[in-house]
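Colleague: Have a look at this one.
The values are calculated or read from the model by the stated rules, or taken from the named source; none is laboratory data. Computed from a predicted model, the values in this text were never measured in an experiment. Don't worry about glycine lacking a Cβ; one is built from the backbone with ideal geometry, like all the others, and counts go over all protein chains shown.
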Amino acid sequence: MDRFNPHWAGSLLLGRHFALLQGHAGTTGAHAHYAHQLLLASDGQWLIQGEHGHQHGQRLLLPSFQSHAVLAAPAQGCTLWLEPSHVDLPQLQAQLATLPCDPPALLPRLLPLIATAPRDQRLQAALAELDARLPERVPVAAIANAAHLSESQLHRRFQQDLAVSLRGLVLWRRLREALVQVIDGHSLTTSAHAAGFADLAHFSRSLRRMFGVHAQHLAGLQLHHYRDDGTKPGGGSGGGSCGSAWNGAHS
C-alpha cells in the first residue's frame, strides 16, 4: 500500500454515468459524494477510514454520500464511480467479490448494470433540460416545467428516484465537467469558469468537500472519453501507459 501520497496517476475513462480510474488513486481527506464508489485491487489492499472505523481489502464498496477517507492505496488498482440513479446497486453488490481489477474484463461486467436513463419519462425530461442548461444557471422552475411537475413534486422525485437533490446533482455535474477540463490540461480558473462555478474558490471548496483532494493532485491522469456509439474511446491529454486498456470497449 502507498500511504500518504495525494497524487493520482493512471488513466481515467469517463462515461456518461460512470468514471473508471486504472492506476494509482491518491490518498484523500474525509469527503462524501453522490456517486457509489468501488475500490478494486489485484495486489495490495485499500485502507479506508469510514463512518464506522477502518476498512481494508481488495474489493470495497462505498455507498453514495458515505463519508470516507482513503488512507492508503495499492500502487495499481481500479477506482470506479457510479451515479446511483443509473446503476443496479443490489446486482453490483452481488457481483462485487468477483469483479476483476482489469478494465477490458471489468467493462463487460459493468456496462449491463448501468441504465442509460431513468425509467420515468418526466425525470428523463428534467435531466435533459438540466443538461441543456449547463454550464449556465439552472432555474428550478424551468426544470419543473420541462418535466410537467410542480417544483415541490420535482424535488420529491429527485430525492426518491435519483437519491439526490436537484442542487446536488447540478453541483455533481459541474464538478465532473471541471475535472474533465483540469485533466485535459486547462488552468484551474479556466476549468472552474467552463463548468459554471462562480470563481476558483467556489470550485476548490466543492472539490475538496466531494473528493477530498486538490485539483493539482489530478494532473498525472490521462483522460479518455467513453463513447456509447460503438467507437473506441477518445483520448485526452497526458502520456500515461494505460491508454490501450480502453481499446475495444463498447456499450
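Colleague: If we keep just the residues of segment 33-55 that are surrounded by fewer than 16 Cβ atoms within 10 Å (Cβ to Cβ) and more than 22 Å from Q76 (Cα to Cα), which is modelled with the highest pLDDT?
Modeller: In this case the residue turns out to be G53.
Colleague: Let me ask something else. Among the numbered criteria (1) surrounded by fewer than 17 Cβ atoms within 10 Å (Cβ to Cβ); (2) at pLDDT below 95, which single criterion is violated by S64?
Modeller: So S64 meets the others, but not (1).
Colleague: Out of all the residues in segment 70-94, which are closer than 18 Å to L14 by Cβ and touching a Cys at 6+ places or on another chain (Cβ under 9 Å)?
Modeller: G77, C78
Colleague: Now for a separate question. Just checking, does segment 175-184 include any residue being among the β-branched types (V, I, T) and in contact with a strand residue (DSSP E or B) (Cβ under 6 Å, 6 or more places away or on another chain)?
Modeller: yes
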